[in-house]
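A short reminder: the numbers here are calculations on the coordinates, not readings from a lab. Note that the structure is a prediction, hence the values are computed from the model and not measured. For neighbour counting, all protein chains shown are included, and Cβ atoms are generated from backbone atoms with ideal geometry for every residue, glycine included.
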């Protein structure tokens with residue numbers, strides 16, 4: 001008996017999808033490229049989501065329908081593959097045309113050192129020769145002005161192509177903008193989500209960022225509409241998730257990963273950073289004390305199948321450098337300075353992998369200055 005695609009389709013008209021009672025053909029669940037090689041048949045069934053509870057039963061029913069209505073000699077077992085529909089990702093608005101890679105630094109909860117990582121990552125990238133910008137998008141807890149020692153800065157405006165644009169502050173080779181430049185640091189910011197999102201958009205769209213290799217975003221902790229604003233406003237290349245090894249922090253980090261990898265968001269995770277991985281006293285540089293648990297992020301990275309970009313110890317100099325406005329990454333010879341330098345290299349490596357996976361028309365080459 002000679003097989004042809006319509007025979008297969010006619011057989012699959014007899015298979016009903018339990019979710020709505022319609023046939024696989026009516027639901028348009030059969031991919032067009034039905035492949036036939038002699039008596040061997042293979043094709044793909046398309047489901048809405050990978051967690052569909054009816055996948056196994058529908059595949060089995062499809063096999064039985066072909067054997068029943070086409071012929072018992074048809075070789076079908078194991079040749080039906082399953083695909084899932086991907087929700088179309090909203091196209092980001094075209095901002096930051098001169099930026100090659102946008103890196104989000106996020107955390108599931110506050111207090112894990114996300115802003116410290118974001119600031120020092122930006123400095124380390126700049127020291128490696130890249131043109132870098134840092135957007136302090138932690139609207140309700142801006143810390144970049146203090147960490148860079150520019151708390152008194154009040155960015156100016158300049159006219160570019162007939163538009164008045166904010167001029168970012170620049171220090172240690174990093175262009176910086178933060179809502180902290182425009183508010184009273186001694187007063188709480190009582191803004192609703194919409195107001196915060198609009199202010200953030202202005203720092204992105206109404207600023208003269210110029211040509212940048214890396215645009216680092218210090219995101220607010222948790223998951224909120226501000227994250228969605230950033231995702232919709234920018235084509236984020238990838239996200240770095242910061243957590244401590246403590247189980248409470250890891251639970252929230254897991255939620256953050258799931259938010260970014262959700263079909264409707266679909267932002268790649270470049271990797272995890274384990275902050276406060278251990279404590280090493282200055283007088284005992286070879287000792288490690290695991291105050292918040294041991295290698296929690298390493299286990300999470302294996303569980304979630306994302307890279308572990310680095311493990312950063314607790315050292316007193318991190319706190320002192322942040323408070324004094326001199327990021328510890330400036331000290332390349334210190335243990336933690338070297339750790340941030342290695343982190344920057346890993347972020348570059350993962351970013352380049354991500355860029356290579358883009359369609360050729362969307363690829364950019366990030367080069368050192």
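Take every DSSP beta bridge with both residues inside segment 5-84 and express the antiparallel ones as a percent of the total, to the nearest 5. Counting only bridges with both partners in segment 5-84, antiparallel ones make up about 45 percent. Dividing the mean sequence gap of close Cα pairs (under 8 Å, 6+ apart) by how many residues segment 5-84 holds gives a relative contact order of 34 percent. Against the main long axis of the alpha-carbon atoms of the chain, helix 335-356 sits at an angle near 40°. Once C-alpha pairs closer than 8 Å and six or more residues apart are averaged by separation and normalised to the residue number of the chain, the relative contact order reads 18 percent. With Cα atoms defining each centre, segment 268-296 and segment 4-64 are spaced 50 Å apart in the structure.
Just check the chain against the gyration tensor rule for me: Cα atoms, a ≥ b ≥ c as the square roots of the eigenvalues, rounded for a/c under 1.5, and otherwise prolate or oblate depending on whether a/b exceeds b/c. Provide the component values of the computation, followed by the final result.
Numbers: a/c = 2.61, a/b = 1.96, b/c = 1.33.
Prolate.
Mean residue ellipticity at 222 nm, helices only, the chain: -10000 deg cm²/dmol; runs of at least 4 DSSP H residues each add -39,500 (n - 2.57), and the sum is divided by the number of residues.
How do the peptides 239-251, 330-342 rank, highest first, by the average count of neighbouring beta carbon atoms within 10 Å per residue?
Per-residue Cβ counts within 10 Å, averaged per peptide and sorted highest first, yield 239-251, 330-342.
Take every DSSP beta bridge whose two residues both sit in segment 99-362; close to 20 percent of them are antiparallel. Relative to the longest principal axis of the Cα atoms of the chain, helix 247-261 runs at roughly 60 degrees. As a test, work out the antiparallel percent of DSSP beta bridges whose residues both lie in segment 102-178, rounded to the nearest 5. Restricted to segment 102-178, the bridges split so that about 60 percent are antiparallel. Taking label points 7 Å from Cα along the Cα-to-Cβ direction, residue 291 and residue 262 give a separation of 3.4 nm. Relative to the longest principal axis of the chain, what angle (0 to 90°, nearest 10) does the C-alpha long axis of helix 55-69 take? With both axes taken from Cα atoms, the answer is about 20 degrees.
Note: relative contact order over segment 282-349, using C-alpha pairs below 8 Å and six or more positions apart, is 24 percent.
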